[in-house]
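Read the structure below first, then the notes.
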Amino acid sequence: MATAVVAESRYDPRCDTIEALDARLVACVRSGAPLRRTLARIAGAFVAHRAWEPLGFVRPADYSRERPGLSARELHDLARVDAALGRLPEIDAALVSGALGWTKARLLCRVATPEDEAHWLHAASRFSADALSREVRAIDVGSLEAGAESEPDSGRDREVVRVRVPRRVKGRWGALKGAMRRVAGERLPNDACVEILTAEVLSAVRVELEGQESPPPVRRAGSGEHEPAPVPEPPRTSAAPPERSPFIESLAEGLAEASPHELDGRLCRAATLERGLLARVGPLLLAFTERRGPRQLGFRSVDAYARERLGMSPRKARALLRLERACVRSIALGEAWRSGTLTVSRALALVPLVLAEGSEQFHAAWIQRAGAVTVRRLEDDVEAALGSGLLDPASLPDLPGGPAPECLPEGVQIGAEPMRGEETDVWVANVPAEVARLFRGCLATLARRLGSKGQALDAMFDHCLATWRVPTARHHRVFERDGWRCTAPGCSSQRNLHAHHVFFRSAGGGDELANLTTLCAAHHQRGVHAGVLRIRGRAPEGLVFETPFGRFRAGDRLLSDAGAPRADRYSPPDPSWVHSF
C-alpha cells in the first residue's frame, strides 16, 4: 500500500490524455460510492435524531459547516436519500456498486416506489441526467434540475462580473454585506447580496439595459421547444465494482443506538475520508478542464460534464476547481488540504485570501488561524482582511468588526476606513446570468451619469447603506456592540436576538453592558437555560463559552486547553484508507 501511495503522489495528470483523465475521474468518483452511502446512513440517523441540538447548535446549517465541513443542503440531501433508499433495495444496490451515479440516484429517490423502482432504474440507464430530471418533474413538481433541496442553481447559467474600483470602495463591500445580513436576519451568500443590491437600486433608478431593449423570452423545460442537445456518451471503461471497506462499513453499525456525540464522531470521520477522495479528484478535474476536456468529449460545459459523467453536483465541481487552483498557488494550503487538516468549509473560506495579490507570505499563518477559530469567524476575518488590505492575520482584532486600532494609519479615527488614495482593485462577483444582466444595466446607467463604473458602484453602495441604516435605540446598545448577531460560537443567527445576563439577574446580576451579551432565542432558552451552553466572564472581550464541542473565548477563538475532539484535525487510524478508493 505504501508503494501504491508513493506512485500515486508522483503521477502528473497534465501528462495524461483527455480520454485517460476522463477514465481516471470516473473510476475515482465511482470508487467512493460505498463511502457516500455510508455517509448518507450516518446523516440520516443524525437528522432523524436532531443530534445537532445536544451538541450545542440550534440549526443544522451551523453544525454541518463547523464540524464535518458539509453544507446544510448536502446534509439534508444525504438524509433524504437515505430515508428513500431504505425502501428501494435495487436502487440502493446500484448506487453502492457504482452503476448509478449520485445525481441520478438523488432524482430517483424523489419519485421511485418499491413497485416501480425497476422501471426508474431502466430509465436512468437510458436517459441523461437532464432528461431524467424532466421525467421526474413530470411527476414531482417540487424537484429541480438536480433536486430542489440540493442544487437550486443547477439550471441557471452563471457569469462573473468584474468592476475596477478604488480600494476603499471594495473595502466597503464587507460593511454592505453586514448591513444586508442584519436586515435579512441571516447570513446571506455573496450572490444573494449582489441580487439584493441590484433590486434596491432598481427600486430607485430607472435602468437602461445595455445592448438589449427587452428581456429574452423564458424557455421552460418540457415545453417541447429548444430542447437541449443530447448528451454524448463517451466510451465507458469496464471497471469492477468498488471494494467494500470493513472500516467504512463499521461506521454505519448500530446507528439507532448511537448517542449524538457518537453520531457526530462518525459523521466527521466519514467526511474526512471523503475529503481524501476529493483531494484526489481535484487535480484530475483541474487538468481535465484546463485542456478543455468537457468540450472535446462533447459536453457543453464543466457543469454538464460533472452532472452527466461524474454524477457530481455542479456546485461541488466548481468549488473543487476553485480550491484546486488556490492549492496550486499556495503550497501551504495544498499540504493542509491534502493531509486532511482543513475541512471543505475551512479550505473554501481561505480561497479568496490565498488568491489575493500580496498574501503569499501570510498563507501559513492563515492556515494556523483556521484551526484556532470557528468557520464563522474565519469567514469574517478573511472578509475584513480583504476589505482593509491588511492581509496579516496578526493585525486582526480580538473581536470581529474592523482593523485593530494599532494598525490604523495615523490620524484616522477608530472605525473609519483607511484612505487608499487612487489605488485601485477589482471587485468580483459570480452570480446567475439574469442577475448579472440587471446589475450591469444598473452600473452602466449610473456610470453614464457619474463618469465611471467605479463611482457608479460606490453610489450603489451609498444608496443601500443610507436606506438600511436606522438609529440604534438605547436599549439595543448591546446588539450594536455585538454586531447584531448571536455571540454563541459558530451561530449564524441574526434574528430573534435576546440580551442575556451573563451573571443571572436572579443571582444579583446587573444590567451593565459588561454583564450582557447577545444570544439568539434558541441559544438563550434551549442553550444557556437548558444547561447545554455555559457563559462566564465579562463582556465583550473576557467571555468564555463552554459548549459540548469545545471551549471558546469571545470572538469564536478556540481555547488551547479545549478537550473536545476537533473534526478538522481527525486522522484515520490507517492512512491507507484515504488513498484506497
Quick one: in region 155-187, of everything that is at pLDDT 80 or above and outside any helix (DSSP H, G or I), which residue is farthest from Ala304 (Cα to Cα)? Pro166
Restricting attention to region 491-516, and to residues there that are open to solvent by less than 60 Å² (accessible area, probe 1.4 Å) and closer than 20 Å to Val183 by Cα, which single residue is nearest to the chain's Cα centre (by Cα)? Ser492
Could you name every one of the helices (runs of 4 or more DSSP H) located completely within region 217-314 that has at least 1 residues being modelled with pLDDT of 85 or more and open to solvent by 80 Å² or more (accessible area, probe 1.4 Å)? 260-290, 293-296
Where a residue in region 285-300 is over 20 Å from Asp157 (Cα atoms) and its partner, wherever it lies, is assigned to a loop (DSSP other than H, G, I, E, B), with Cβ under 8 Å and at least six apart: Ala287/Asp16; Leu297/Pro232; Leu297/Pro234
State yes or no: is Gly509 more than 30 Å from Thr198 (Cβ to Cβ) and in contact (Cβ under 8 Å) with a residue 60 or more places away in the chain? no
Residue pairs qualifying under the 7 Å Cβ cut-off, at least six apart or on distinct chains, with the first in region 5-34 being over 13 Å from Leu284 (Cβ atoms) and the second being charged (D, E, K, R) and modelled with pLDDT under 90, are Pro34/Arg244
Please give the helices (runs of 4 or more DSSP H) falling wholly within region 381-481 in which 3 or more residues are open to solvent by less than 20 Å² (accessible area, probe 1.4 Å), at pLDDT 60 or above and more than 23 Å from Gln494 (Cβ to Cβ). 433-450, 453-468
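Residue by residue, here is whether (1) under 12 Å from Ala279 (Cβ atoms); (2) open to solvent by 60 Å² or more (accessible area, probe 1.4 Å); (3) not basic (Lys, Arg) holds:
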{"residue": "Ala319", "(1), (2), (3)": "no, no, yes"}
{"residue": "Glu324", "(1), (2), (3)": "yes, no, yes"}
{"residue": "Ala332", "(1), (2), (3)": "no, no, yes"}
{"residue": "Glu335", "(1), (2), (3)": "yes, yes, yes"}
{"residue": "Pro352", "(1), (2), (3)": "no, no, yes"}
{"residue": "Glu357", "(1), (2), (3)": "no, yes, yes"}
{"residue": "Gln361", "(1), (2), (3)": "no, yes, yes"}
{"residue": "Ala364", "(1), (2), (3)": "no, yes, yes"}
{"residue": "Arg369", "(1), (2), (3)": "no, no, no"}
The lone condition Phe552 fails out of (1) within 24 Å of the chain's Cα centre (by Cα); (2) in a helix (DSSP H, G or I); (3) of a type outside the set (Gly, Ala, Ser); (4) modelled with pLDDT of 90 or more is (2)
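The values are calculated or read from the model by the stated rules, or taken from the named source; none is laboratory data. In this text, all values refer to a predicted model and were calculated from it rather than measured experimentally. Heads up, the Cβs are rebuilt from the backbone with ideal geometry, glycines too, and the neighbour counts pull from every protein chain shown. Note: accessible area is taken over every heavy atom of the protein model, side chains too, but ligands, DNA and RNA are not part of it. Shrake-Rupley method; radii C 1.70, N 1.55, O 1.52, S 1.80 Å.
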